[in-house]
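> Provided herewith is a single structure, encoded as structure tokens, for subsequent inquiry.
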Amino acid sequence: MAALLLPVVEPSACLAAPGRARLRLRRAAVRCAATAPAPMGEKTEYRDGPLERAFMGLFARKMEKFAGGKAAEKTKKGGGDRAVWEWDYESFVDVSRRVMVGRTRAQQQEAVREVLLSMLPPGAPEQFKKLFPPTRWACEFNATLTVPFFHWLVGPSEVIEVEVNGVKQKSGVLIKKCRYLENSGCVGMCVNMCKIPTQNFFTNEFGLPLTMNPNFEDMSCEMIYGQVPPPLEEDPAAKQPCYPSLCECTEIRQHLPVDESDRSSTVSYVAVDVFFRFHVNARGANLSQASDLKRRARC
């Protein structure tokens, strides 16, 4: 999902200084040693301002239409709406999690695609292709913009040099510790709600190849603009097991009478949906106490 709001950023989000354009996008402050992400096993603390919350709210309100649960029912009925700046990151991640339940991997990815398209003005993908053909300059320009504009979504990042088709260029972005993965604790959400949809959206809709390589050992991620992503069946991230001690979806699946070989079937996802909603809608439910099982399961 990183870098997908770029075509609809309002001019007011950027202030032009005399004689040159300067981005003054206010970043969320990381509250830990040397303003760096917390190490693996610890959680990074952010202090989000109105602008960051507005981005979260805009995205979450679009996703809410595809989510399940009581909150989504209120939204569809026209009630329970809140201003975009009233959202926080935790509620944003919760909406993402509710979009997942009851859907297969392909359906999750398609839901994100529809959300992204709904946030763009008509004809935006075609205009993007004209403005940013798959050249070295376009790749490096998008990498540069990714760092300040999507600090709210993925946390601290920096532009790095990468090799694309044998040519070294600064079209890579190193996300030091992905805020989305850190807060969700779910590999399935990372892969199906962020990595694959983002890659496909840039590559297929915008015509600018993008490959994202998450590192599940330290929760960092490398984005490479200009590199065509591998087929899903050849992508190691698609086979990555989830974090058994962090992911709520993993704990849910550990208690479902679903065969491992049938994990992606419709019946399995319906069962997960019912079980998930029962626990999530019950305030105060502690899913971490549901089991002592330590086996690793894929989301």
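The values are calculated or read from the model by the stated rules, or taken from the named source; none is laboratory data. Everything numeric in this text was worked out from a predicted model, so none of it was measured. To get the accessible areas, we keep the full protein, side chains included, count just its heavy atoms, and leave off ligands, DNA and RNA. Shrake-Rupley method; radii C 1.70, N 1.55, O 1.52, S 1.80 Å.
> Just read off the accessible area of Leu117 with the full protein assembly in place, 1.4 Å probe, to the nearest 10 Å².
Number for this one is 60 Å².
> Something else now. Please compare each pair in Lys43/Lys130; Lys130/Lys195; Lys62/Lys129 to a cut-off of 31 Å on the Cα-Cα distance and tell me which ones are over it.
In this structure, Lys43/Lys130 lie more than 31 Å apart at Cα.
> If you take the C-alpha gyration tensor of segment 103-212, multiply each eigenvalue by 5 and take the square root, what semi-axes do you get, largest first, in whole Å?
After diagonalising the Cα gyration tensor, the semi-axes are 22, 19, 13 Å.
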